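To start, the structure under review is shown below, and the notes come after it.
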Amino acid sequence: MVRGLKCLLMLMILAGGCGMSWAQGAGAPIKIKVVVVTTFEVGADTGDQPGELQYWVEREKLTETLPFPGGVHPLRMNAAHDVLAVLTGMTIANAGSSIVALGLDPRFDLTHAYWLVSGIAGVDPEDGTIGTAAWANYVVNDVNRQVDASEKPTAWPYGLFVIGAKAPNEMPAHPMTDNLYPLNAGLAGWAYGLTKDMKMPDNAAMAADRKRWVGFPEATKVPGVIRGDSFTSDSYWHGKVMTDYANDWVKLWSKGKGNFAMANMEDSAIAEGLLRLERMGRVDSKRLMVLRVGSNYTMQGPGKTAVQSVTSPYIASTAFEGCWVAGSVVVHELTGHWDTYEGTIPEGK
């Protein structure tokens, strides 16, 4: 424990030192308006095959590169010093640590910043198609108790259930963990209202793939913008059974109010990190928005097994660009009317 505390203090000292050496001197922290949260990049930040960060760097002109010793990748910032992008690293462990490190970084004032998670995800074909963008009301974490499918009772749909329960889809009186992160539904509704009529990027490969999804009406439509909730797990799961589980799990923890749409490996850690930073007076967690864009499906389509599906190459999609296309509308509205949004969080339905 002592060694861990020493390491944390050293990271904070290094972060402070980097801030002072970066043309900032001992001046006041930079007041950030929007933090764009991405989780991985394919190669360089610019000029090659894009990941989640590259379109933001190139199209929002995030030309300044800042060292970030508490994270896994340098930060990027625009010349106006009001939009900051962080790449957290994939999975729960990386995402949560990076968010807390950023929140404690003395170079920045994040007390009024809006946080936009902008990343790809597995989309439930009952809710959308590849390229569909979803704004979440809920993020649901996946801490569970499980037995192997070969050892579960025959009547069970799967071998996963709440710790403290005795069967799937039961909520014990006192669950050991709380897996539910309700987001600011008014803010999510406002973001959805700004983007719901947008034409999302599409291509020939995506259009051809949609034709095979007979029996899944939403998967056959062109990509659009929807409301749909986030399921976070460190397991890269796939298949109809697990998609049914994700739907059931989100409904169980949200008491029937949520609807699983996007699977990912970071959102719950990001939400938890912001809650802890809020208790320290560093951020306002009610300013978190989660936007996920489908890059693949969470289950097999007609004519394939789950293993065939999960091991097949992804369709060449526009999901990375879609993250920027929908997310940038919200970022531009916030930064362009900061006199309104700095003190008042917008609300929609």
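The values are calculated or read from the model by the stated rules, or taken from the named source; none is laboratory data. Just so it is clear, the model here is predicted, and its values are computed rather than measured. Neighbour counts are summed over all protein chains in view; Cβ atoms, including those assigned to glycine, are modelled from backbone coordinates with ideal geometry.
Would you check which residues across region 171-183 are touching a residue at least 24 places away in the same chain (Cβ under 8 Å), surrounded by fewer than 20 Cβ atoms within 10 Å (Cβ to Cβ) and within 19 Å of the chain's Cα centre (by Cα) and list them? Scanning region 171-183 gives L180, P182. Does at least one position in region 186-203 carry a residue that is of a type in the set (D, E), closer than 25 Å to K304 by Cβ, crowded, with 16+ Cβ neighbours inside 10 Å and out of contact with any Asp or Glu (no Cβ under 9 Å at 6 or more places or on another chain)? The answer is yes; a qualifying residue exists. Answer yes if at least one residue in region 196-206 is modelled with pLDDT of 95 or more, out of contact with any Gly (no Cβ under 9 Å at 6 or more places or on another chain) and farther than 15 Å from L116 by Cα, and no otherwise. Within region 196-206, one or more residues are modelled with pLDDT of 95 or more, out of contact with any Gly (no Cβ under 9 Å at 6 or more places or on another chain) and farther than 15 Å from L116 by Cα.
With the structure loaded, tell me whether M176 is modelled with pLDDT of 95 or more and either farther than 15 Å from I130 by Cα or touching a Lys or Arg at 6+ places or on another chain (Cβ under 7 Å) (or both) or whether it fails that test. Criteria not met by M176.
Of all residues in region 108-157, those satisfying the criterion of being under 21 Å from E272 (Cα atoms), in a loop (DSSP other than H, G, I, E, B) and in contact with a Leu (Cβ under 9 Å, 6 or more places away or on another chain) are L110, A113, A136, N137, D142, N144.
Only residues that are farther than 15 Å from S295 by Cα, touching a residue at least 60 places away in the same chain (Cβ under 8 Å) and touching a strand residue (DSSP E or B) at 6+ places or on another chain (Cβ under 7 Å) were counted in region 185-212, giving 6. Determine, yes or no, whether P168 is surrounded by 13 or more Cβ atoms within 10 Å (Cβ to Cβ) and either more than 23 Å from the chain's Cα centre (by Cα) or not in a loop (DSSP other than H, G, I, E, B) (or both). Considered against the rule, which asks whether it is surrounded by 13 or more Cβ atoms within 10 Å (Cβ to Cβ) and either more than 23 Å from the chain's Cα centre (by Cα) or not in a loop (DSSP other than H, G, I, E, B) (or both), P168 comes out as yes. In the set M206, M265, M299, M280, only one residue is of a type in the set (A, V, I, L, M, F, W, C), closer than 30 Å to F108 by Cβ and crowded, with 17+ Cβ neighbours inside 10 Å; that residue is M265. Looking only at residues in region 270-313 that are without any contact (Cβ under 8 Å) to a residue 40 or more places away in the chain and part of a loop (DSSP other than H, G, I, E, B), the one that is nearest to A326 (Cα to Cα) is P313.
Inspection of region 14-24 identifies at least one residue that is of a type in the set (G, A, S), in a loop (DSSP other than H, G, I, E, B) and at pLDDT below 95.
One residue stands out among those in region 66-91 that are touching a strand residue (DSSP E or B) at 6+ places or on another chain (Cβ under 6 Å), on the phi < 0 side of the Ramachandran plot and not aliphatic (A, V, I, L, M): the one that is surrounded by the fewest Cβ atoms within 10 Å (Cβ to Cβ), which is P74.
Taken over region 123-148, the criterion of being touching a Pro at 6+ places or on another chain (Cβ under 7 Å) and aromatic (F, W, Y) is satisfied by Y138 alone. Of all residues in region 179-196, those being more than 15 Å from A134 (Cβ to Cβ), out of contact with any Phe, Trp or Tyr (no Cβ under 6 Å at 6 or more places or on another chain) and assigned to a loop (DSSP other than H, G, I, E, B) number 1. For A319, the conditions (1) within 23 Å of D244 (Cβ to Cβ); (2) touching a residue at least 24 places away in the same chain (Cβ under 8 Å); (3) small (G, A, S) all hold with the exception of (1). Report yes if some residue within region 210-232 is closer than 19 Å to L274 by Cβ and not polar (S, T, N, Q); otherwise report no. So far as region 210-232 goes, yes, one or more of its residues are closer than 19 Å to L274 by Cβ and not polar (S, T, N, Q).
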